[in-house]
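The values are calculated or read from the model by the stated rules, or taken from the named source; none is laboratory data. Since we're looking at a predicted model, the values are computed, not measured. Virtual Cβ from ideal backbone geometry, glycine too; neighbours counted across all protein chains shown. These area figures cover heavy atoms from the full protein model, side chains too; ligands, DNA and RNA do not enter into them. Shrake-Rupley method; radii C 1.70, N 1.55, O 1.52, S 1.80 Å.
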Amino acid sequence: AGKVLTLREQMTMHRAAPTCAGCHKIMDPIGFALDNFDADGKWRTKQGGEGGVAIDAAVQLYDGQKVVGPVGLRNALMRYSPQFVAMFVEKMMTYALGRGVEYSDMPTIRGVVRDLSKQQNRFSAVVMGIVKSPQFQMRVKGEPTGVTSTN
């Protein structure tokens with residue numbers, strides 16, 4: 001039987017294909033930094049059980065930052081916190097409204113983002129900011145097929 005490859009070794013081979021390399025050079029370092037978590041989210045130090053290979057969670061991100069493990073990844077990503085928070089609010093607004101956001105929604109999204117910084121970026125503050133927005137309060141739901149309005 002041949003040598004059992006680590007996930008990192010398997011991904012390195014996969015990245016050798018030019019059609020795969022573009023995405024994987026961005027995604028793989030993030031995954032490798034989180035490799036200490038198994039599929040169930042349990043912490044592990046070796047891949048393949050006690051007799052397995054030690055996990056190497058040291059990576060270089062696409063932007064050149066070198067990090068080790070989940071804490072290093074979190075610290076590196078905090079650099080992008082403003083962009084992340086804004087995009088998160090935008091995606092949550094899309095979900096809440098059941099439609100894509102439009103340019104006219106952007107002032108509301110920016111307002112929710114501004115208010116979040118005063119509330120330590122809590123998830124509950126995102127939800128409340130969106131729920132209290134005029135767009136959410138005044139959204140119109142489509143009527144089910146075959147039902148007519150009596151108004």
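When you go through D28, D38, D63 one by one, which is the residue that is of a type in the set (D, E), farther than 30 Å from M128 by Cα and touching a helix residue (DSSP H, G or I) at 6+ places or on another chain (Cβ under 6 Å)?
On the way: D38 fails: touching a helix residue (DSSP H, G or I) at 6+ places or on another chain (Cβ under 6 Å); D63 fails: touching a helix residue (DSSP H, G or I) at 6+ places or on another chain (Cβ under 6 Å).
Residue meeting the stated conditions: D28.
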Just checking, how many residues over segment 18-72 are among the charged types (D, E, K, R) and out of contact with any Lys or Arg (no Cβ under 8 Å at 6 or more places or on another chain)?
7
What do you reckon, is A96 in contact with a Phe, Trp or Tyr (Cβ under 6 Å, 6 or more places away or on another chain) and within 30 Å of Q135 (Cα to Cα)?
yes
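Report whether or not K3 is basic (K, R), in a helix (DSSP H, G or I) and open to solvent by 80 Å² or more (accessible area, probe 1.4 Å). Show your work before the answer.
Numbers: basic (K, R): yes; in a helix (DSSP H, G or I): no; open to solvent by 80 Å² or more (accessible area, probe 1.4 Å): yes.
No: the conditions fail for K3.
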Filter pass, L97 being touching a strand residue (DSSP E or B) at 6+ places or on another chain (Cβ under 9 Å) and free of Cβ contacts under 8 Å to residues at least 60 places away in the same chain:
no
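Look through segment 116-151, keep the residues that are in a helix (DSSP H, G or I) and of a type in the set (A, V, I, L, M), and return whichever of them is modelled with the lowest pLDDT.
L116
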Breaking point among (1) more than 30 Å from V113 (Cβ to Cβ); (2) free of Cβ contacts under 8 Å to residues at least 40 places away in the same chain, for Q65
(1)
Search segment 22-50 for residues that are without any contact (Cβ under 8 Å) to a residue 24 or more places away in the chain and of a type in the set (K, R) and pair each with any residue that is surrounded by 10 or more Cβ atoms within 10 Å (Cβ to Cβ) and part of a loop (DSSP other than H, G, I, E, B) when their beta-carbon atoms are under 9 Å apart and the residues are at least 6 apart or on different chains.
R44/D35; R44/N36; R44/D38; R44/G52; R44/I55; K46/G52; K46/I55
Having 1 or more residues that are of a type outside the set (V, I, T), under 16 Å from the mean Cα position of the chain (by Cα) and exposed (fewer than 11 other Cβ atoms within 10 Å of the Cβ) is the bar; report the helices (runs of 4 or more DSSP H) wholly within segment 15-104 that clear it.
18-33, 81-97
